[in-house]
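The values are calculated or read from the model by the stated rules, or taken from the named source; none is laboratory data. Since the model is a prediction, treat every value here as computed from it, not as a measurement. Neighbour counts are summed over all protein chains in view; Cβ atoms, including those assigned to glycine, are modelled from backbone coordinates with ideal geometry.
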Amino acid sequence: HDVKTAEVIVLKDGEAVAQHMAHWLLEQALAKKDGPFVISLSGGTTPKRLFQILAEPDIAARFPWSNTQIFYGDERYVPTSDPASNYTMSRETLLDHVSLPLANVHPMPTDADPETDAARYQKELQAVYGANELQPGKPLFDVVMLGMGPDGHTASLFPRQPVLKERTKWVATCTPDNAPHTRLTLTYPAIHSSRHVVFLLEGAGKAEMLARVRKGDDSLPSCHITSEGDVTFLIDEAAAQDL
Ligand code: 6PG
């Protein structure tokens, strides 16, 4: 599936979106019986409330953490002590509060150099996947969560960057124009190898970009996201206003 055929679920506000996603993730995780539940978390500010809900006792106590493997869709190439670290945000809001084995959490490494660390992260994914090549019908991820930036980027797939052409690597680097940090990001083929891709979008600031993505504006990286499973937009009413 792709972003044009994706299902769009519109809920009242950001809180409703976060609650829906938390309960849906719990269901998906509980339903996973034939191997680990492998999820890629998105960065940015949008998932913060979702992470807090997942850490609340009624969900956290039922979530099968020991069968869950947590990866990240992208990361700014900064030390984990930097407030811009996606991993650190997820740790403070979620990981520190639940009984998730340390070995099941896979932050993107940012302590060698970007190319080396991208390759290291791909190896870490390959170890969990159990193969070095992606195979159709054997999704790498159960769920890939994504956000969307004001320029139509998703994960760290930014407009006009060479990473958009990457067809082999699972993880690559991207240095957006005028951005303070190089990023590590999952590539299109890695995201495609998934059962579910879910874009979480909220607020009027996302409305115009989402409308352009749904109309198929090819210049926007989000437009080229596909999954061998399904693609869903889980959004609030404000983000839906231009659809
Ligand atoms: C992601 C990225 C990034 C982010 C957007 C939106 O994982 O998809 O971290 O693309 O989601 O930049 O950020 P906000 O949620 O802060 O609007």
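So the values come out like this:
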read-out	value
Residue list for segment 134-149, filter: within 16 Å of the ligand (Cβ to nearest atom) and part of a strand (DSSP E or B)	Phe141, Val143, Val144, Met145, Leu146
Candidate set from segment 221-243 (those that are assigned to a loop (DSSP other than H, G, I, E, B) and within 12 Å of the ligand (Cβ to nearest atom)); member that is surrounded by the most Cβ atoms within 10 Å (Cβ to Cβ)	Ala239
Test: Val198 is modelled with pLDDT of 95 or more, more than 10 Å from the ligand (Cβ to nearest atom), assigned to a helix (DSSP H, G or I) and of a type outside the set (D, E, K, R)	no
Condition met for Asp218 (free of Cβ contacts under 8 Å to residues at least 12 places away in the same chain, not hydrophobic (A, V, I, L, M, F, W, C) and not in a helix (DSSP H, G or I))	yes
Yes/no for Glu15 being within 16 Å of the ligand (Cβ to nearest atom), at pLDDT 95 or above and within 20 Å of Met108 (Cβ to Cβ)	no
Selection from segment 134-163 of residues that are surrounded by fewer than 16 Cβ atoms within 10 Å (Cβ to Cβ) and either in contact with a Lys or Arg (Cβ under 8 Å, 6 or more places away or on another chain) or under 21 Å from His1 (Cα atoms) (or both)	Gln135, Pro136, Gly137, Lys138
Those residues of segment 3-40 which are of a type in the set (Gly, Ala, Ser) and assigned to a helix (DSSP H, G or I), in sequence order	Gly14, Ala16, Ala18, Ala22, Ala29, Ala31
Filter result (in contact (Cβ under 8 Å) with a residue 24 or more places away in the chain and assigned to a helix (DSSP H, G or I)) within segment 41-62	Lys48, Arg49, Leu50, Phe51, Gln52, Ile53, Leu54, Ile59, Ala60
Test for Ala119: is it assigned to a loop (DSSP other than H, G, I, E, B) and more than 16 Å from the ligand (Cβ to nearest atom)	no
Selection within segment 53-85 - in contact with a strand residue (DSSP E or B) (Cβ under 8 Å, 6 or more places away or on another chain) and closer than 21 Å to Trp24 by Cβ	Pro64, Asn67, Thr68, Gln69, Ile70, Phe71, Tyr72, Gly73
Matching residues in segment 97-109 - criterion: being over 18 Å from the mean Cα position of the chain (by Cα) and in contact (Cβ under 8 Å) with a residue 24 or more places away in the chain	His97, Val98, Ser99, Leu100, Pro101
Residue satisfying all of: in segment 69-99; part of a loop (DSSP other than H, G, I, E, B) and either hydroxyl-bearing (Ser, Thr, Tyr) or within 11 Å of the ligand (Cβ to nearest atom) (or both); surrounded by the fewest Cβ atoms within 10 Å (Cβ to Cβ) among these	Ser81
Filter result for the condition that a residue is more than 10 Å from the ligand (Cβ to nearest atom), closer than 18 Å to Ile225 by Cα and modelled with pLDDT of 95 or more, over Thr185, Thr173	Thr173
Residues within segment 86-136 that are touching a strand residue (DSSP E or B) at 6+ places or on another chain (Cβ under 8 Å) and more than 30 Å from Ala18 (Cα to Cα), tallied	5
Tally of residues being more than 15 Å from Val105 (Cβ to Cβ) and more than 16 Å from the ligand (Cβ to nearest atom) across segment 30-47	6
